[in-house]
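Below you'll find the structure, written out as structure tokens, and then a few comments.
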Amino acid sequence: MKKITLCFLLLGTACSINAQKINLGKAVGMVSNGAKALTFTNEDAIKLSKESVEWMDKNNPVAGPKDPYTVRLNRLFGKHKSQDGLNLNYKVYKVKDINAFACADGSVRVFSSLMDIMTDNELLAVIGHEIGHVKNQDTKDAMKSAYLKAAALDAASSASSDVAALNDSQVGKMANAFLDASHSKKQESEADTYSYDFMKANKYDVVGAYTAFKKLALLSQGSTQTNFEKMFNSHPDSNKRAEAIKKRAEKDGLWKDPGTVSLPASKLTK
């Protein structure tokens, strides 16, 4: 799942009055001219992910401990703070972008507008997908690309093999580049599989993964060339991904026809 920006009109009152677009920062400082020999380990990805998430937490509205969004997220994911060998931490950004992401350091951030349109099982499936990207170390590749962009490094030539410290504006740029990074179709497919297995292993309704993709497909219909549509240009078709979930659920004897899937007329988080 990538950054998806939608206007308020699409979902009516689904977005908070105080919601704002996520603040990622745009400034970037120049450093050395290359990173050909850059040795980028998963530990580097974890360190840089932590810096990026700390920056985003400081520069965006985070739901407080008694906020309905936080209460709901804790109810759903509190027992998954240690998931598949990963130490995870969760927070909600009260912004109008529809998104969820996970980083190599175990940080999971869910956007309030996503929670407004997804049922509990759909949210479980979406975040399971994001955790899959971390477990499969897809986020390592995304963070390396984001670091190179933030530090203004050219991967074709380098005089240094070390990951250098970034200033505050560069960390903001890195956070932006990380959310803009694309995973390959293979990585997305593997994360879908992880999400399904996560749902099945924890005895959640796997049909939630199907309906989540159906909702994303509905959101992409008739939109202009927004960040949302751009995301779908580089991602597998949501309807096809939904059908793949359906086939597996049928094979496992877990399929229950959800009927017609539609977007909610009001918030699902209250």
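Converting phi to 3J(HN,Hα) with the Karplus coefficients 6.51, -1.76 and 1.60 and the offset θ = phi - 60°, the stretch 252-265 yields 7, x, 10, 7, 9, 4, x, x, 5, 8, 9, 7, x, 7 Hz in sequence order, with x at every glycine or proline.
Distances between placed amide hydrogens fall under 5 Å for Ser107 paired with Asn89, all partners being 5 or more residues away or on another chain. Annotation: extensible slack from Asp257 through Glu54 equals 68.9 nm (criterion: 0.36 nm per residue apart, minus Cα-Cα distance). Couplings 3J(HN,Hα) of the stretch 88-98, computed from phi: 10, 10, 10, 8, 10, 9, 8, 10, 8, 5, 9 Hz, in residue order, whole Hz [Karplus 6.51 cos²θ - 1.76 cosθ + 1.60, θ = phi - 60°; x for Gly and Pro]. Across the stretch 122-139, computed HN-Hα scalar couplings (Karplus, 6.51 cos²θ - 1.76 cosθ + 1.60, θ = phi - 60°) run 5, 5, 4, 5, 4, 6, x, 4, 5, 4, x, 4, 5, 4, 7, 6, 5, 5 Hz from first to last residue, x flagging Gly and Pro.
When Ser49, Ser220, Ser266 are compared by accessible area at a 1.4 angstrom probe, the order from most to least is Ser266, Ser220, Ser49.
The values are calculated or read from the model by the stated rules, or taken from the named source; none is laboratory data. These numbers come from a predicted model, not from an experiment. To get the accessible areas, we keep the full protein, side chains included, count just its heavy atoms, and leave off ligands, DNA and RNA. Shrake-Rupley method; radii C 1.70, N 1.55, O 1.52, S 1.80 Å.
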